[in-house]
Each structure stands twice: as C-alpha cells, then as structure tokens.
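S.K.: Structure in structure tokens, see below.
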Amino acid sequence: MTTFKEIRGTAVQSVSSDPSNPEVGQIWYNNSIGVLKGYIYSNAWMAGGNMGTARRDFGSAGTQTAGLGSGGYTTGNSNATEEYDGSTWTAGGNLSTAKYNLAGCGLQTAGLIFGGYKFPEDQLQSGTEEYDGSTWTAGGNLATARRALAGAGIQTAGLGFGGYIDGTGNSAATEEYNGSTWTAGGNMGTTRRGLCGAGTQTAGLGFGGASSTGVTNVTEEYDGSAWTAGGNMSIARRYLGGAGTQTVALGFGGSNSAGTVIVLTEKYDGTSWTNTTDMTTARRGLGGCGTQAAALGYGGYTTVNVANTEEYTENVLQTKIITTSTS
C-alpha cells in the first residue's frame, strides 16, 4: 500500500494542537483530541448578519452580497423589505400590500414580487410589485391569485408557477411576466405548492413542494413553453430555499413529509442532485438567492420565526476533520 509520505514526501505529523498557519493541503493528527485534520478546500455554510426582523414565507431575490427579502409573516402579515450587503441587513422600502406566501425574483435593485396570502382576511393575492432599490410600484396582476407559488427570472422577464388556489387546490399553472403583463405559459407536470424556483423565464427550474399525494422530490425544467422532468432530489421536501440556474442550482432547508425541518443541501447539475454541506440551522419557509457557488439562505421557521442568515460558498479553505465523507 502506498503511504502518505510516499505520495506527499512527508509523514503526517502528530501534534497536540492545530497549526496556527497551515499550508494548503497540509494534514496532521491532533493527538489531544484523537482526530485527523487537514487544511483543505471544501464547501461551507457560514454565518452572516441577522435580519432586522425574524420572518418566514417572504419573497426573496438578489445575490449573496446584494440580497432582498420582502413581505412574509412575522407576528402577522408584513410589508417590510430588507436589503443585504454581504454582512448587514438594512431597511428598504415597504410593499404597498402586507402579505406572506408570496414569490420573488430578480435583483436587489430590480426586484419583482407577486402572489401571496393575507391572514386572517383569508385573501389570496394576485398583485405584483416592482422594486427599484428604494421604492415598490404596482405591476400587472397575475391572471390567477395564488399563494405558496415559486418564482424565477428577472423583473422584466419573470416566471411564476405552481402554488395553491382556493376552491381548486394545488396548481400546475405557469405565468410569464414581460415587465407589465402576465400571460399563460405551459403547465407543470405535477401540481404542487411550497415548491422552489430557480433559473430564467426561458430556462426555469422547479423542485420540491407538496402535491396532492404528499411532499415531493420531483424536479421539472422549463424551456420557455413546456415543462419536462428532471432528476429527483434525494429527499422530498417543501418550503425550501434555492439559488442558481436550471443547470447549476442549489436547494436547501425545507421540511419533510413528517413536518420536520431539515438542513440538507443539494446541488443540481442539470441532470441529477447530489448532497453537499448541510446548513447550520434547519428551517423551512426561508429565503434563498444567489448562485450555486455563492448562495444566501435567510429567515424562515424552526419552531419559531428566525432571523439568522447563512452564506454558502464553494471551495473555501478550512481546517476540517478528515473522514471518509470529507469533500
């Protein structure tokens, strides 16, 4: 058997404490705690700044260093907007309508939110609002009022799909936004609510959610007119966060069929999902934005609403305990 020394030219050192300034790729045995460690590139969730207000089921948009969270449920329906700069959340302009279970897409300075629900009024929402970085203004209404739908795309080319419609149940309907008007697109193959969206109007991705038969792991891909089946997630989940594109996506958090909140994060390559580093805090109803390599997960619900933010970054140098599953 080839030894580590034969491969690297040096033996694994046994030390009583971790090196203060290790080299990339260095491996050592910490004999005070009995574990093998290394300074290696890995995928990681790291703590970011807390939101100003704990909330769940809000509209999310933007990037890891320029995130947006709007509306949602705090102690009631919220119309508040918060903006993230990579370390701190600050107040933005209020929505004209306080609501939760809404969808969002776009950027921090060109955001779009639509649909949702007002409680206890028991009112589904069809309204759309557009954000310019400071102020929300009314856009064209969805053709069908609904809640717990997913969003993808940008402010002038948005995509809304799935959700829940009173008197009808879960929806498979898709609508496309051109900056002023929503028009019908192709229906999804699986009717569901509480799903997550990513990508663009002509290359969208929908995954997870709750169908008529229960929580699902189904993924579908949109080409601008029709949905087709993609690879299933490793576990069924609903009200999860997501980021990225149709071929390079990230899904995280949510709750399973038992209603248990989860930390599992998965990566999509356009064909299949694979597990990557778990979130620190299990939660559902959280916001998600960014890319697969630089994502943001924020807010949500554990057993209470939470305000904490986590940043996901691929290939971060870290001191890691070496196990057979270290990646």
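Each reported figure results from applying straightforward, stated rules to the coordinates on display, with no laboratory input. Predicted model only: the values in this text are computed from it and were never measured. Every residue, glycine among them, receives a Cβ derived from its backbone with ideal geometry; neighbour counts consider all protein chains shown.
S.K.: When the helix-only estimate is applied to the chain (DSSP H runs of n ≥ 4, each -39,500 (n - 2.57), divided by the residue count), what is the mean residue ellipticity at 222 nm, nearest 500 deg cm²/dmol?
M.R.: Details: 1 runs with 5 residues, N = 327.
It lands at -500 deg cm²/dmol.
S.K.: Continuing with this model, one more query. To the nearest 20 debye, what is the magnitude of the charge dipole of the chain about its Cα centre, counting +1 on the Cβ of each Lys and Arg and -1 on the Cβ of each Asp and Glu?
M.R.: 760
S.K.: Label points 7 Å out from Cα along the Cβ direction at Ser134 and Thr274: separation in nm?
M.R.: Here the answer is 4.6 nm between the modelled labels.
S.K.: Say R0 is 45 Å: what FRET efficiency, to the nearest 0.05, do Ala184 and Ala293 get from their beta-carbon distance?
M.R.: Details: r = 34 Å, r/R0 = 0.75.
Efficiency computed from Cβ-Cβ geometry: 0.85.
S.K.: Between the alpha-carbon centers of region 120-170 and region 258-276, tell me the distance in whole angstrom.
M.R.: First find each Cα centre; the distance between them is then 26 Å.
S.K.: What list of ³J(HN,Hα) couplings, whole Hz, do you get for region 136-144 from phi and the Karplus terms 6.51, -1.76, 1.60, once you set θ to phi - 60° and write x for glycine and proline?
M.R.: Karplus values, whole Hz, x for Gly and Pro: 9, 10, 5, x, x, 6, 4, 5, 10.
S.K.: Ranked highest first by the average count of other Cβ atoms within 10 Å around their residues, in what order do 303-311, 222-230 fall?
M.R.: Values: 303-311: 17.9, 222-230: 15.7.
Ranked from most to least packed, the peptides come out as 303-311, 222-230.
S.K.: Here's a follow-up. So what are the ³J(HN,Hα) numbers for region 147-159, from phi and the Karplus equation (6.51, -1.76, 1.60; θ = phi - 60°), rounded to whole Hz, Gly and Pro as x?
M.R.: 10, 6, 8, 10, x, 7, x, 10, 4, 9, 8, x, 9
S.K.: If you average the alpha carbon positions of region 39-97 and of region 186-242, how far apart do those two centres end up, in angstrom?
M.R.: About 23 Å separates the Cα centre of region 39-97 from the one of region 186-242.
S.K.: Give the long-range amide H neighbours of Gly185: residues separated by 5 or more places, or on another chain, with amide H under 5 Å away, using H modelled in the peptide plane at 1.01 Å from N.
M.R.: Under 5 Å from the amide H of Gly185 lie the amide H atoms of Thr174, Glu175, Glu176, each far enough along the sequence or on another chain.
S.K.: Using 1/(1 + (r/R0)^6) with R0 = 56 angstrom and r between the beta carbons of Val15 and Gln123, what's the FRET efficiency to the nearest 0.05? Intermediate values should be presented prior to the final figure.
M.R.: Values: r = 63 Å, r/R0 = 1.13.
Given R0 = 56 Å and the Cβ-Cβ separation, E is 0.30.
S.K.: If you plug each phi of region 180-195 into the Karplus form 6.51 cos²θ - 1.76 cosθ + 1.60 with θ = phi - 60°, what whole-Hz ³J(HN,Hα) values come out, in order, with x for Gly and Pro?
M.R.: My calculation for region 180-195 gives 8, 9, 9, 10, 6, x, x, 6, 5, x, 10, 6, 6, 10, x, 8 Hz in order.
S.K.: Further question: From the residues Gly86, Thr183, Met233, which one has its Cα farthest along the dipole of region 50-307 in the positive direction, the dipole being from +1 and -1 charges on Cβ of Lys/Arg and Asp/Glu about the Cα centre?
M.R.: Met233
S.K.: Which whole-number percent gives the relative contact order of region 50-307, counting Cα pairs below 8 Å spaced six or more residues apart? Don't jump to the answer; show the numbers that get you there.
M.R.: Details: 912 pairs, mean separation 38.3, N = 258.
Reported relative contact order: 15 percent.
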